[in-house]
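Here's the structure we're looking at; comments come further down.
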Amino acid sequence: MLNYLRFDVKRYLEDYESNVSALDNMERQLAELSELKGMNESERVQSSPSPDGLENYALRKIKLKAEISAYKEYLNTFKRAFLSLTEDEQKLLDMFYIHPLSSPLRSAMDMYGYEKTQIYTMLNQAMNKFSKQIYG
């Protein structure tokens, strides 16, 4: 179970930036759909790959709002957990997973002046603390 959680937390960290971008894109799409509000009914219905071939903009808007809400909840959980870490723990997780460097181990060793075993110990502690904040 612990290895599964570690993999899950690692993916959680690695996917942060792409999830921020996805949220931005969905909010932009929602704004574009909101601009369609002034159009008449026949102009609001557009083709889509759905089985009936048509999808109303209002349904897409509802779906986007639900997805935006889920992404915001994810990002708030992430930020709360990340801010609970020490500055060093945040730096390590950022260097290894969020904005991975080409050689994060070497960079961390140079930054802290520790051997690789100590860096991995610090990284594991940061991962465990982050995971406890996410999953309880």
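The values are calculated or read from the model by the stated rules, or taken from the named source; none is laboratory data. Treat the numbers as computed from the prediction; the structure is a model and nothing was measured. A quick note on method: Cβ atoms are made from the backbone with ideal geometry, for glycine too, and the neighbour counts reach across all protein chains shown.
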Selected residue (criterion: nearest to residue 18 (Cα to Cα)) from residues of region 104-136 that are among the small types (Gly, Ala, Ser) and either modelled with pLDDT of 95 or more or touching a Leu at 6+ places or on another chain (Cβ under 7 Å) (or both)
131
So in region 9-23, with the set limited to residues that are acidic (Asp, Glu) and touching a residue at least 12 places away in the same chain (Cβ under 8 Å), which one is nearest to residue 79 (Cα to Cα)?
17
Here are some residues: 55, 27, 43. Which one is among the acidic types (Asp, Glu), surrounded by 10 or more Cβ atoms within 10 Å (Cβ to Cβ), over 21 Å from residue 128 (Cβ atoms) and at pLDDT 90 or above?
27
Going by the conditions given, is residue 107 in a helix (DSSP H, G or I) and free of Cβ contacts under 8 Å to residues at least 12 places away in the same chain?
no
Applying the selection to region 107-136, what residues are over 23 Å from the mean Cα position of the chain (by Cα) and closer than 20 Å to residue 8 by Cβ?
120
Going through region 81-102 in order, the residues found to be farther than 21 Å from residue 19 by Cβ and at pLDDT below 95 are 102
Of all the residues that make up region 64-101, how many are assigned to a helix (DSSP H, G or I), within 13 Å of the chain's Cα centre (by Cα) and in contact (Cβ under 8 Å) with a residue 60 or more places away in the chain?
3
